[in-house]
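Mind having a look at this structure? Questions to follow.
The values are calculated or read from the model by the stated rules, or taken from the named source; none is laboratory data. It should be emphasised that the depicted structure is a prediction, and the values quoted were computed from it without experimental measurement. Because the Cβ atoms are built from the backbone with ideal geometry, glycine has one as well, and the counts that use them run over all protein chains shown. Heavy atoms of the whole protein, side chains included, go into the accessibility calculation; ligands, DNA and RNA do not. Shrake-Rupley method; radii C 1.70, N 1.55, O 1.52, S 1.80 Å.
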Amino acid sequence: MLELTDVRSFYGAIEALKGVSIEVRQGEIVALIGANGAGKSTLLMTIFGSPRVRHGSINFLGQDISRLKTHEIARLGIAQAPEGRRVFPRLTVLENLKLGAILAPPANFDRNLARAYAMFPRLQERQGQRAGTLSGGEQQMLAIARALMSEPKLLLLDEPSLGLAPLIVRQIFAAIAEINREHGTTVLLVEQNAHQALKLANRAYVLVNGRIQSTGTGAELLASDEVREAYLGGAGHH
Amino acid sequence: MQVPPPMAYFLQQLINGLVLGSIYGLIAIGYTMVYGIVGMINFAHGEIYMLGAFLALIAFVALSAIGLSSVPITLVIVLVVSVTFTAAWGWTVERVAYRPLRNSPRLAPLISAIGVSIFLQNFVQLTQGARSKAIQPFLRGGVTLYGGGDGAFAVTVSWLQIFIVVFTTVLMIGFTLLIARTSLGRAQRACSQDLKMASLLGIDVDKTISTTFVIGAALAAVAGMLVTLYYGVIDFFIGFLAGIKAFTAAVLGGIGSLPGAMLGGLLIGLIEAFWSGYAAAEYKDVAVYGILVLVLTVRPQGLLGRPAIEKV
Ligand SMILES: Nc1ncnc2c1ncn2[C@@H]1O[C@H](COP(=O)(O)OP(=O)(O)O)[C@@H](O)[C@H]1O
Ligand SMILES: [Mg+2]
């Protein structure tokens, strides 16, 4: 479905992605883990053309998207709940969701909204409230729900569990599993919470310093000493 | 009913202030919208208003030359001509002066905006002449609210003043609804809060920015047309002072805030009218900037603006 081949991208003169190749297949949940500053967020934004692909190619559903503008890429069916959530703080929850829905057929709006509210009932309670007044967990729910409103084929999630209480984290991960299972949405999940992400994912990639260091199924990486050392807090942890 | 002269005088200044203020408000909206979405003051905006005024004047002269006498039809045609061409110029300014420099240092688009302004000013001066131009008085007459007999002070509202205030009010209400209720308005607000996120949702950010310049220019064109009607005399230099006044209005109301721009415009119109009526008219601009400084000392974000927060 999505295939990056030897992708390089830059911030000014700094090379943030140094030749990344990954593949996400239809229906999968693929996790991308790696330390702070490894280039995970850059990878997700590069898929959206910002920063631009300087070398290599990105293929989505058989089409090279590496020269398209950000909004054109979104129109092909990719949505993102980006790093830092980026809800529109001075718009209401409902307005945020309406903005998420501009690419979906208007006739589906009510159904999609009902689905989003069923998944995150808290959002319905707060629908008239300004998004900036929501708690961090609620903002994350809103960011995911907003992304889903466009009925994406591929959903990119950037550290959805960052800074959230364990209970909320569990809720978010359950929602991701549900999105993938019930809606059939393919998911590319960036996480520092490697343990949970690897348990959820079919396959995963480890990004180190702008390069893919290793890849395998979630279970394989969970069992790998190298990954356990680096991302799961030592070999004894599980 | 006999209104005491001081009261009547007060009313007259109030009416004058409202008329002036609604015109400033229309121009101020353009400053505040553009600032909201690209984070920059559009220094070409004053001249955009001047262009609107000249296009209105040319349309008036042309229509009276062919002997059109119907007031409503004249108004509609003049409005359409002025708004269409001025909006096109607003679009061009964004394309030429702003878009190519979007990722340049902030000084660059400022300089290019001043550049297109000087170009337009000189163009109008060359084609229309440096001397002021006048039109025949339009929409004569009005309503005398109070007195005038026995040498008492008369309060009159001209039809033109009523037209200006009503038309601007309707326009501002319509515009507010457009921003608050429609998907275009929602996209516009989203873009002014987070351009990148808006583009991730599939919003064509370039198009939204263009639309913002076009709407701002269209409203400035209406202001230009109203001023042409109201004063009957314009010259190629009117954009400078009106631009500064409207910019002051936008800052006073809180730059980036739409209700702020309307309120700021109204306040500046009222301050000018009352200062001219009760104190030395030649110091009215000093009064305006004095109050601006006072307000900004107490509320740096302006009356209805949000406190500035560091962008991270
Ligand atoms: N907007 C930016 N401008 C310049 N450098 C950036 C920018 N965003 C990220 N970087 C740099 O790119 C590298 C990768 O960052 P990022 O993709 O955010 O990593 P991660 O998401 O894995 O923590 C880091 O060295 C970071 O400092
Ligand atoms: Mg990141």
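Among the candidates B:38, B:19, which residue alone is within 19 Å of residue B:227 (Cβ to Cβ) and of a type in the set (A, V, I, L, M)?
Step by step, each of B:38, B:19 is checked, and only B:19 is within 19 Å of residue B:227 (Cβ to Cβ) and of a type in the set (A, V, I, L, M).
Could you say which residue among B:38, B:83 is touching a Lys or Arg at 6+ places or on another chain (Cβ under 9 Å) and under 19 Å from residue B:28 (Cα atoms)?
The conditions single out B:38.
Counting only residues that are more than 22 Å from residue A:62 (Cα to Cα) and either outside the structural domain of residue A:230 (by TED's automatic domain parsing) or at pLDDT 95 or above (or both), how many does the range A:180-200 have?
Qualifying residue count for the region: 1.
Within the range A:152-160, identify whether any single residue is away from every other protein chain (no Cβ under 14 Å), within 21 Å of residue B:186 (Cα to Cα) and either without any contact (Cβ under 8 Å) to a residue 24 or more places away in the chain or part of a loop (DSSP other than H, G, I, E, B) (or both), and answer yes or no.
No: zero hits.
Let me ask something else about it. Report whether or not residue A:132 is more than 8 Å from every other protein chain (Cβ to nearest Cβ) and more than 22 Å from residue A:2 (Cα to Cα).
Spelling it out, residue A:132 is indeed more than 8 Å from every other protein chain (Cβ to nearest Cβ) and more than 22 Å from residue A:2 (Cα to Cα).
Quick test of your reading of the structure: residue B:42 fulfils all but one of (1) surrounded by 15 or more Cβ atoms within 10 Å (Cβ to Cβ); (2) modelled with pLDDT of 90 or more; (3) assigned to a helix (DSSP H, G or I). Name the failing condition by number.
Checking residue B:42 against (1) surrounded by 15 or more Cβ atoms within 10 Å (Cβ to Cβ); (2) modelled with pLDDT of 90 or more; (3) assigned to a helix (DSSP H, G or I), the one that fails is (3).
Do you know which of the residues in the range A:1-15 that are touching a residue at least 40 places away in the same chain (Cβ under 8 Å) and open to solvent by 20 Å² or more (accessible area, probe 1.4 Å) is nearest to ligand 1 (Cβ to nearest atom)?
This residue is A:11.
Hey, can you tell me all the residues within the range A:76-104 that are more than 9 Å from every other protein chain (Cβ to nearest Cβ), farther than 20 Å from residue A:159 by Cα and not aliphatic (A, V, I, L, M)?
A:77, A:92
Looking at the range A:149-160 only, could you name the residues that are farther than 20 Å from residue A:25 by Cβ and away from ligand 1 (no atom under 14 Å from the Cβ)?
A:149, A:150
Which of the residues that make up the range A:23-65 are away from every other protein chain (no Cβ under 14 Å), closer than 22 Å to residue B:203 by Cβ and free of Cβ contacts under 8 Å to residues at least 24 places away in the same chain?
Scanning the range A:23-65 gives a single hit, A:63.
Any idea which of (1) away from ligand 1 (no atom under 16 Å from the Cβ); (2) over 18 Å from residue A:115 (Cβ atoms); (3) modelled with pLDDT of 95 or more; (4) not polar (S, T, N, Q) is the one residue A:145 doesn't satisfy?
(2)
Something else now. Scan A:26, A:63 and give me the residue that is over 14 Å from the mean Cα position of the chain (by Cα), under 16 Å from residue A:155 (Cβ atoms) and surrounded by fewer than 15 Cβ atoms within 10 Å (Cβ to Cβ).
A:26
List the helices (runs of 4 or more DSSP H) that sit entirely inside the range B:143-228 and contain at least 2 residues that are more than 10 Å from chain A (Cβ to nearest Cβ), of a type in the set (D, E, K, R) and open to solvent by 10 Å² or more (accessible area, probe 1.4 Å).
Per the criteria, no element qualifies.
While we're on this one: Any residue that is open to solvent by 50 Å² or more (accessible area, probe 1.4 Å) and within 11 Å of another protein chain (Cβ to nearest Cβ) - is there at least one of those in the range A:105-127?
yes
Could you figure out which of (1) touching a strand residue (DSSP E or B) at 6+ places or on another chain (Cβ under 9 Å); (2) without any contact (Cβ under 8 Å) to a residue 12 or more places away in the chain isn't true of residue B:234?
Here residue B:234 meets the rest and fails (2).
Checking the conditions here, which among A:161, A:224, A:135, A:150 is within 16 Å of ligand 2 (Cβ to nearest atom) and more than 23 Å from residue A:9 (Cβ to Cβ)?
It is A:161.
Looking at the range A:1-107, what helices (runs of 4 or more DSSP H) fall wholly within it and have at least 2 residues that are of a type outside the set (A, V, I, L, M, F, W, C) and within 16 Å of ligand 2 (Cβ to nearest atom)?
By residue number, A:40-47.
Quickly run through the range A:66-75 and pick out the residues that are within 14 Å of another protein chain (Cβ to nearest Cβ) and either surrounded by fewer than 18 Cβ atoms within 10 Å (Cβ to Cβ) or free of Cβ contacts under 8 Å to residues at least 24 places away in the same chain (or both).
Scanning the range A:66-75 gives A:68, A:69, A:70, A:71, A:72, A:75.
Then there is this: Criterion first (under 17 Å from residue B:234 (Cα atoms), open to solvent by 10 Å² or more (accessible area, probe 1.4 Å) and assigned to a helix (DSSP H, G or I)) does residue B:80 satisfy it?
Considered against the rule, which asks whether it is under 17 Å from residue B:234 (Cα atoms), open to solvent by 10 Å² or more (accessible area, probe 1.4 Å) and assigned to a helix (DSSP H, G or I), residue B:80 comes out as no.
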